[in-house]
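The structure appears right after this line, and notes come after that.
Just so it is clear, none of the values below were taken in a lab; they were calculated from the coordinates. Everything quoted here is computed from the prediction, not taken from an experiment. Neighbour counts are summed over all protein chains in view; Cβ atoms, including those assigned to glycine, are modelled from backbone coordinates with ideal geometry.
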Amino acid sequence: MMLSVRILNIFVLLRTNLTCTYKDNLMSIKALILSFAISIIAINTFAQDGKTTPPTSFGEGVKPGKKYPVEKMEAAMGDKKTADLQITGEVVEVCKKKGCWMTLKMPDGEGVRVTFKDYAFFMPKDIVGKRVALDGIAKKQTISAETLRHYAEDAHQSAEEVAKITEPKKELAFEAKGVVILK
């Protein structure tokens, strides 16, 4: 009985307080609701699921070891025509037909063409601008005019642009056994 009287007294006090200062309490309730809503939005915005997505891997992947930036690939090769290397670089172009080759950015604007060993895998066509790590064979080679025309056709260049390709070209190239998309 005593407990119910106390509860009733608390209820009366609260009701009296609510009616006496209705505007103040209404403002406090609005502020409380607004604070709660902002807190929920902030929690949802900055919450992390705790999972880290592993990098996407193609072919044999890339083993741990020293990776040279693509800009230093030729220096790492020294006098050799081919060298087993691991490199990193930014993708600037991908074959638009199947993803059967890609080009990595070089400071001189030329780029390094990357093909994939035995056509064993292809790259997604939407990775332009992403950084990749590659494991494979770096090459100093001469590309025939016929192959250059094929590459130009794969890149959807116009017939006039393809027809202009008449001379072979010396270039750095890379045959990847494995690729990992870093970001």
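Report whether or not ASP84 is more than 16 Å from ASP135 (Cβ to Cβ) and exposed (fewer than 12 other Cβ atoms within 10 Å of the Cβ).
no
Among the numbered conditions (1) without any contact (Cβ under 8 Å) to a residue 60 or more places away in the chain; (2) under 30 Å from LYS66 (Cβ atoms); (3) among the basic types (Lys, Arg); (4) surrounded by fewer than 17 Cβ atoms within 10 Å (Cβ to Cβ), tell me where LYS97 comes up short.
For LYS97, the failing item is (2).
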